[in-house]
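Report on one structure; see the data block that follows.
The values are calculated or read from the model by the stated rules, or taken from the named source; none is laboratory data. Quantities reported herein were computed from a predicted structural model and do not represent experimental measurements. Note that we place each Cβ from the backbone using ideal geometry, even for glycine, and neighbour counts take in every protein chain shown. Just so you know, the surface numbers come from the protein's heavy atoms only, side chains and all, with ligands and any DNA or RNA stripped out. Shrake-Rupley method; radii C 1.70, N 1.55, O 1.52, S 1.80 Å.
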Amino acid sequence: MRNPITFILLLVLFGLLVLIRVFETSLFYDPYLLFFKSDYLHMDFPKREILKLTLFTTLRYVLNTVISLGIIYLFFKDRSIVKFSMLVYAIAYLILIVFFLYFVIKPRQEDYYLFFNFRRFLIQPIFLILLVPAFYYYKLKQ
(Lines give C-alpha, C1' and ligand atoms only; values in the text may rest on other atoms or scores of the structure.)
Protein backbone atom coordinates (compact mmCIF):
# COMPACT_ATOMS: atom_id res chain seq x y z
CA MET A 1 0.00 0.00 0.00
CA ARG A 2 2.92 2.30 -0.68
CA ASN A 3 1.21 3.75 -3.75
CA PRO A 4 0.10 7.34 -3.02
CA ILE A 5 -2.92 7.01 -5.33
CA THR A 6 -4.16 4.05 -3.30
CA PHE A 7 -3.71 6.03 -0.11
CA ILE A 8 -5.65 9.00 -1.56
CA LEU A 9 -8.45 6.71 -2.77
CA LEU A 10 -8.67 5.15 0.70
CA LEU A 11 -8.93 8.60 2.25
CA VAL A 12 -11.69 9.53 -0.21
CA LEU A 13 -13.64 6.34 0.53
CA PHE A 14 -13.31 6.75 4.29
CA GLY A 15 -14.33 10.37 3.80
CA LEU A 16 -17.47 9.21 1.99
CA LEU A 17 -18.36 6.97 4.93
CA VAL A 18 -17.93 9.93 7.25
CA LEU A 19 -20.08 12.15 5.00
CA ILE A 20 -22.86 9.55 5.01
CA ARG A 21 -22.79 9.64 8.79
CA VAL A 22 -22.56 13.43 9.07
CA PHE A 23 -25.44 14.09 6.66
CA GLU A 24 -27.59 11.11 7.69
CA THR A 25 -30.50 13.27 8.85
CA SER A 26 -30.77 15.12 5.54
CA LEU A 27 -29.97 12.17 3.23
CA PHE A 28 -32.10 9.41 4.74
CA TYR A 29 -35.57 9.05 6.15
CA ASP A 30 -35.08 7.55 9.60
CA PRO A 31 -37.39 8.49 12.49
CA TYR A 32 -35.24 6.34 14.76
CA LEU A 33 -32.25 8.68 14.63
CA LEU A 34 -33.80 11.05 17.16
CA PHE A 35 -35.59 8.25 18.98
CA PHE A 36 -32.37 6.42 19.85
CA LYS A 37 -30.54 9.64 20.72
CA SER A 38 -33.10 10.32 23.44
CA ASP A 39 -34.22 8.24 26.39
CA TYR A 40 -35.79 5.61 24.11
CA LEU A 41 -36.29 2.98 26.81
CA HIS A 42 -39.06 5.13 28.30
CA MET A 43 -40.70 6.36 25.09
CA ASP A 44 -43.22 5.05 22.60
CA PHE A 45 -42.03 4.01 19.17
CA PRO A 46 -42.06 6.92 16.70
CA LYS A 47 -44.55 7.02 13.85
CA ARG A 48 -43.01 5.68 10.69
CA GLU A 49 -43.67 4.79 7.07
CA ILE A 50 -42.47 1.19 6.85
CA LEU A 51 -41.83 1.02 3.09
CA LYS A 52 -40.02 4.36 3.00
CA LEU A 53 -37.97 3.44 6.08
CA THR A 54 -37.02 0.07 4.59
CA LEU A 55 -36.02 1.60 1.26
CA PHE A 56 -33.88 4.30 2.86
CA THR A 57 -32.28 1.81 5.24
CA THR A 58 -31.51 -0.43 2.27
CA LEU A 59 -30.07 2.52 0.34
CA ARG A 60 -27.81 3.38 3.25
CA TYR A 61 -26.72 -0.25 3.59
CA VAL A 62 -25.93 -0.43 -0.15
CA LEU A 63 -23.94 2.82 -0.09
CA ASN A 64 -21.93 1.68 2.93
CA THR A 65 -21.43 -1.74 1.33
CA VAL A 66 -20.16 -0.41 -2.00
CA ILE A 67 -17.76 1.98 -0.28
CA SER A 68 -16.62 -0.75 2.12
CA LEU A 69 -15.99 -3.16 -0.75
CA GLY A 70 -13.88 -0.48 -2.42
CA ILE A 71 -11.87 -0.07 0.77
CA ILE A 72 -11.41 -3.83 1.11
CA TYR A 73 -10.22 -4.06 -2.50
CA LEU A 74 -7.74 -1.22 -2.06
CA PHE A 75 -6.36 -2.76 1.13
CA PHE A 76 -5.88 -6.28 -0.22
CA LYS A 77 -5.97 -6.06 -4.06
CA ASP A 78 -7.60 -9.50 -4.09
CA ARG A 79 -10.81 -10.08 -6.03
CA SER A 80 -11.57 -13.33 -4.19
CA ILE A 81 -11.65 -11.44 -0.89
CA VAL A 82 -14.00 -8.87 -2.43
CA LYS A 83 -16.26 -11.62 -3.80
CA PHE A 84 -16.38 -13.32 -0.42
CA SER A 85 -17.10 -9.96 1.22
CA MET A 86 -19.98 -9.40 -1.21
CA LEU A 87 -21.41 -12.75 -0.19
CA VAL A 88 -21.05 -11.87 3.49
CA TYR A 89 -22.74 -8.50 2.96
CA ALA A 90 -25.61 -10.06 0.96
CA ILE A 91 -26.31 -12.80 3.49
CA ALA A 92 -26.00 -10.35 6.37
CA TYR A 93 -28.46 -7.99 4.68
CA LEU A 94 -31.04 -10.72 4.22
CA ILE A 95 -30.79 -11.80 7.84
CA LEU A 96 -30.66 -8.30 9.30
CA ILE A 97 -33.51 -6.88 7.23
CA VAL A 98 -35.82 -9.66 8.41
CA PHE A 99 -35.10 -8.82 12.04
CA PHE A 100 -35.29 -5.10 11.29
CA LEU A 101 -38.73 -5.46 9.73
CA TYR A 102 -39.93 -7.64 12.60
CA PHE A 103 -38.94 -4.98 15.13
CA VAL A 104 -40.42 -2.17 13.02
CA ILE A 105 -43.73 -3.94 12.42
CA LYS A 106 -44.11 -5.38 15.93
CA PRO A 107 -42.43 -2.90 18.28
CA ARG A 108 -42.22 -3.90 21.92
CA GLN A 109 -40.49 -1.79 24.51
CA GLU A 110 -38.46 -4.72 25.83
CA ASP A 111 -37.00 -5.21 22.31
CA TYR A 112 -35.81 -1.62 21.80
CA TYR A 113 -32.20 -2.33 22.72
CA LEU A 114 -32.05 -5.40 20.48
CA PHE A 115 -33.63 -3.44 17.64
CA PHE A 116 -31.10 -0.64 18.17
CA ASN A 117 -28.23 -3.08 17.63
CA PHE A 118 -29.73 -4.83 14.59
CA ARG A 119 -30.40 -1.43 13.04
CA ARG A 120 -26.83 -0.35 13.77
CA PHE A 121 -25.47 -3.19 11.59
CA LEU A 122 -27.66 -1.99 8.72
CA ILE A 123 -26.86 1.72 8.87
CA GLN A 124 -23.21 1.76 9.91
CA PRO A 125 -20.18 0.13 8.24
CA ILE A 126 -19.57 -2.30 11.11
CA PHE A 127 -18.82 -5.22 8.79
CA LEU A 128 -15.87 -3.25 7.41
CA ILE A 129 -14.48 -2.98 10.94
CA LEU A 130 -14.87 -6.75 11.32
CA LEU A 131 -13.72 -7.89 7.89
CA VAL A 132 -10.53 -5.86 7.41
CA PRO A 133 -8.74 -7.30 10.48
CA ALA A 134 -10.04 -10.78 9.65
CA PHE A 135 -8.69 -10.65 6.10
CA TYR A 136 -5.44 -9.10 7.29
CA TYR A 137 -4.96 -12.00 9.70
CA TYR A 138 -5.91 -14.44 6.92
CA LYS A 139 -3.29 -12.91 4.62
CA LEU A 140 -0.63 -13.09 7.35
CA LYS A 141 -1.27 -16.81 7.83
CA GLN A 142 -0.97 -17.60 4.11
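Go through the stretch 22-42 and give me each residue that's open to solvent by less than 70 Å² (accessible area, probe 1.4 Å) and either outside any helix (DSSP H, G or I) or modelled with pLDDT under 65 (or both).
Going through the stretch 22-42, the residues open to solvent by less than 70 Å² (accessible area, probe 1.4 Å) turn out to be 24, 28-33, 35-36, 38, 40.
F28, Y29, D30, P31, F36, S38, Y40, listed by residue number.
Is it the case that R120 is among the charged types (D, E, K, R), part of a helix (DSSP H, G or I) and touching a residue at least 24 places away in the same chain (Cβ under 8 Å)? The answer is no for R120.
The residue pairs whose first member lies in the stretch 1-27 and is of a type in the set (S, T, N, Q), whose second member is at pLDDT below 90, and whose beta carbons are closer than 9 Å, counting only pairs six or more residues apart or on different chains, are T25/L33; T25/L34.
Output the residue which, of all residues in the stretch 1-20 that are of a type outside the set (A, V, I, L, M, F, W, C) and outside any helix (DSSP H, G or I), is most open to solvent (accessible area, probe 1.4 Å).
So the first thing to find is which residues in the stretch 1-20 are of a type outside the set (A, V, I, L, M, F, W, C), and the list is 2-4, 6, 15.
Then keep just the ones that are outside any helix (DSSP H, G or I); that gives 2-3.
On the way: R2: 231, N3: 74 Å².
Only one residue tops the list, namely R2.
From the list F135, F103, the one residue that fits, being in a helix (DSSP H, G or I) and touching an Asp or Glu at 6+ places or on another chain (Cβ under 7 Å), is F103.
Conditions tested, residue by residue: (1) closer than 16 Å to L55 by Cα; (2) touching a strand residue (DSSP E or B) at 6+ places or on another chain (Cβ under 6 Å); (3) surrounded by 13 or more Cβ atoms within 10 Å (Cβ to Cβ).
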{"position": "V82", "(1), (2), (3)": "no, no, yes"}
{"position": "M86", "(1), (2), (3)": "no, no, yes"}
{"position": "L96", "(1), (2), (3)": "yes, no, yes"}
{"position": "V104", "(1), (2), (3)": "yes, no, yes"}
{"position": "R108", "(1), (2), (3)": "no, no, no"}
{"position": "I126", "(1), (2), (3)": "no, no, yes"}
{"position": "I129", "(1), (2), (3)": "no, no, no"}
